[in-house]
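Enquirer: I am attaching a structure below and will ask some questions about it afterwards.
The values are calculated or read from the model by the stated rules, or taken from the named source; none is laboratory data. This is a predicted model, so every value here is computed, not measured. Because the Cβ atoms are built from the backbone with ideal geometry, glycine has one as well, and the counts that use them run over all protein chains shown.
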Amino acid sequence: MLQMSQLTIPIQFDWTSIASGTPYAPAAFAFVQEGLGYTTELFEHSNQSNSGLDELDRHVSGQQLCMGLRDYAIERYGLLAPIVLRQWGVFRTEDFGALVFHMVELELLRTSTQDSEEDFRSVFQFDEAFHQRELVQCIGSNR
């Protein structure tokens, strides 16, 4: 199970430099960092037993992060979410994993020794998760 955490201290990164040598746009890395914060908050609110944890002890699994990034994309970009992600080179949940593990290599995120990119494999299918019918339902429900 992938365990990720980040400090919630706002840090400015050179996303262009971070994205260099990858197939992803710099904005995709910024999105993952922001989306990790969003996802962490979502799971903290749904699991009150984690409240009061030190910032370094907040973790989400790869599967949870994929779902959180999906929700964050919909909240942020609405019906344009799949178009924005594709523009950044993100087509599958495996791309989320590649982004995360690139950030781990650069020591921008932490994982445990048992974590792997496999945790991001086929968490959902983008065509289904970002289908217009699904997007309209999510947007209309005020997730």
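Enquirer: Go through E107, E75, E55, E94 for me and flag whichever is surrounded by fewer than 18 Cβ atoms within 10 Å (Cβ to Cβ), modelled with pLDDT under 95 and closer than 24 Å to S17 by Cβ.
Expert: Selected residue: E107, the only one of E107, E75, E55, E94 that is surrounded by fewer than 18 Cβ atoms within 10 Å (Cβ to Cβ), modelled with pLDDT under 95 and closer than 24 Å to S17 by Cβ.
Enquirer: Would you pick out the residues in segment 105-137 that are touching a residue at least 60 places away in the same chain (Cβ under 8 Å) and not in a loop (DSSP other than H, G, I, E, B)?
Expert: Listed by number, the residues that qualify are R110, D119, F120, L135.
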